[in-house]
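Remarks on the structure that follows.
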Amino acid sequence: IGALRWHFLLQSLQDLQKSLCQLGSCLLVLQGEYEPVLKAHIQKWNITQVTLDAEMEPFYKEMESNIRRLGEELGFEVLSLVGHSLYDTKRILELNGGSPPLTYKKFLHILSLLGDPEVPVRNLTAEDFQRCRPPDLGLAECYRVPLPVDLNIPLESLSPWKGGETEGLQRLEQHLTDQGWVAHFTKPKTIPNSLLPSTTGLSPYFSVGCLSVRTFFYRLSNIYAQAKHHSLPPVSLQGQLLWREFFYTVASATPNFTRMVGNPICLQIPWYEDAEKLHKWKTAQTGFPWIDAIMTQLQQEGWIHHLARHAVACFLTRGDLWISWEEGMKVFEEMLLDADYSINAGNWMWLSASAFFHQYTRIFCPVRFGKRTDPEGKYIRKYLPILKNFPPKYIYEPWTASEEEQKQAGCIIGQDYPFPMVNHKEVSDHNLQLMKQVREEQQR
């Protein structure tokens with residue numbers, strides 16, 4: 001993971017430590033491979049119970065089974081609870097008859113049978129913490145939350161997003177204040193290149209576990225109950241939480257979910273391998289200002305709007321460069337604060353039309369899409385200041401300006417900012433034919 005994600009995680013741990021100290025407890029952070037670390041401390045601290053989230057991802061499923069095996073060997077209890085998701089994915093899969101293909105429509109039907117998720121666990125009190133104090137509070141300094149410098153993490157890139165439950169709860173309250181906005185939220189109508197998030201921006205806090213997804217679900221339910229009319233899944237705010245559940249459920253039952261090969265739900269596509277083109281996309285050097293502004297925001301802040309994600313993902317895969325979604329997924333995993341095994345891979349398969357999404361003829365134009373919601377190009381001017389002096393008619397296509405106009409803007413295309421790396425019309429038409437061919441062959 002990249003520096004921005006490390007900073008966000010460490011800030012979240014610092015905030016948790018501060019909250020626990022206020023309750024007369026503290027957070028002890030142990031570093032190392034989990035098996036030897038656990039073995040060393042079980043006897044040293046006389047630990048009788050280890051608790052963890054019920055896991056869905058392969059690495060953590062394996063970790064949980066190893067910890068259970070250790071528990072049997074060393075005599076401690078392992079308590080595993082569903083906490084990171086709203087529902088128990090195993091139960092959903094049972095009701096789906098094991099793990100055959102699961103559509104979103106079928107998924108919502110199964111949830112209707114299950115009813116609402118369990119009510120959030122009550123908040124612990126100071127008295128609870130007094131009853132389960134750590135073994136020796138004198139150890140706190142030895143097991144403190146590491147600083148970035150301890151882990152050789154560069155300090156120069158600090159995102160405006162701050163990690164921690166305190167910040168997450170403030171954002172939650174701020175968004176829930178406008179109950180009309182909450183009730184009528186529809187995801188497709190949010191603005192991809194607004195200078196402030198036009199969605200809730202809570203995803204990084206759910207991803208790391210700073211915020212309870214159940215708390216958000218029930219707060220939304222209360223607002224919906226008081227509204228005469230409100231939006232519904234899949235486009236409502238609760239619908240967004242259910243998409244998250246859908247991807248978790250499918251990922252937990254799909255082998256090789258983060259790869260194309262050996263993935264039973266993924267279209268097998270002969271993508272191009274082109275390290276130079278991939279590098280240009282990752283480093284905001286495509287020559288398409290809107291695409292490059294999005295990738296710059298991702299590098300600087302670790303967050304981009306979901307429709308902006310759609311645009312850069314389509315550009316990398318089926319739209320323009322025909323490079324595998326796996327490569328894009330890895331870049332997002334490194335940079336996005338809310339990167340998540342199931343959701344990241346699921347969205348990349350969706351946007352590359354490899355799974356879930358079949359309207360593959362809809363290709364995002366790297367010029368027109370951004371221009372619709374930001375004709376003045378304020379977003380581009382913020383993230384690509386080299387282009388800030390171009391008039392609106394050229395800001396999305398600066399290469400169409402005359403040499404004199406480029407000089408007046410203080411930016412010569414091909415010198416100060418690159419020419420477009422591809423002809424969008426030509427490559428997107430060609431890629432569309434490739435996609436049709438692949439789909440027809442595999443359907444046969």
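The values are calculated or read from the model by the stated rules, or taken from the named source; none is laboratory data. None of these values were measured; they are calculated from a predicted model. Here the Cβ is made from the backbone with ideal geometry for all residues, glycine too, and neighbour counts use every protein chain on show. Quick note on the areas: whole protein, heavy atoms, side chains included, nothing else; ligands and nucleic acids left out. Shrake-Rupley method; radii C 1.70, N 1.55, O 1.52, S 1.80 Å.
Taking the residues in the range 1-46 that are in a loop (DSSP other than H, G, I, E, B) and more than 27 Å from Glu77 (Cα to Cα) as candidates, determine which candidate is modelled with the highest pLDDT. Among those residues, the one meeting the criterion is Gly2.
Scanning the range 348-388 for residues being over 30 Å from Gln408 (Cβ atoms) and open to solvent by 60 Å² or more (accessible area, probe 1.4 Å) gives a total of 5. In summary, helices (runs of 4 or more DSSP H) completely within the range 372-444 and bearing 2 or more residues that are aromatic (Phe, Trp, Tyr) occur at 378-383. Comparison of Gly24, Gly32 shows that the only residue that is within 17 Å of Asp150 (Cβ to Cβ), surrounded by fewer than 17 Cβ atoms within 10 Å (Cβ to Cβ) and outside the structural domain of Gln299 (by the TED database) is Gly32.
If only residues of the range 182-206 that are in a helix (DSSP H, G or I) and either of a type in the set (D, E, K, R) or open to solvent by 30 Å² or more (accessible area, probe 1.4 Å) (or both) are counted, the one that is modelled with the lowest pLDDT is Pro188.
Just one of the numbered conditions (1) closer than 30 Å to Arg439 by Cβ; (2) touching a Lys or Arg at 6+ places or on another chain (Cβ under 9 Å) is not true of Asn344: (2). If you go through the range 244-277 and pick out every residue that is among the small types (Gly, Ala, Ser) and part of a loop (DSSP other than H, G, I, E, B), you end up with 1. Checked against the criteria, Arg318 does not count as out of contact with any Phe, Trp or Tyr (no Cβ under 7 Å at 6 or more places or on another chain) and either of a type in the set (Lys, Arg) or modelled with pLDDT under 95 (or both). Considering Gly71, Gly98, the condition of being open to solvent by less than 30 Å² (accessible area, probe 1.4 Å), of a type in the set (Gly, Ala, Ser) and more than 24 Å from the chain's Cα centre (by Cα) is satisfied by Gly71 alone.
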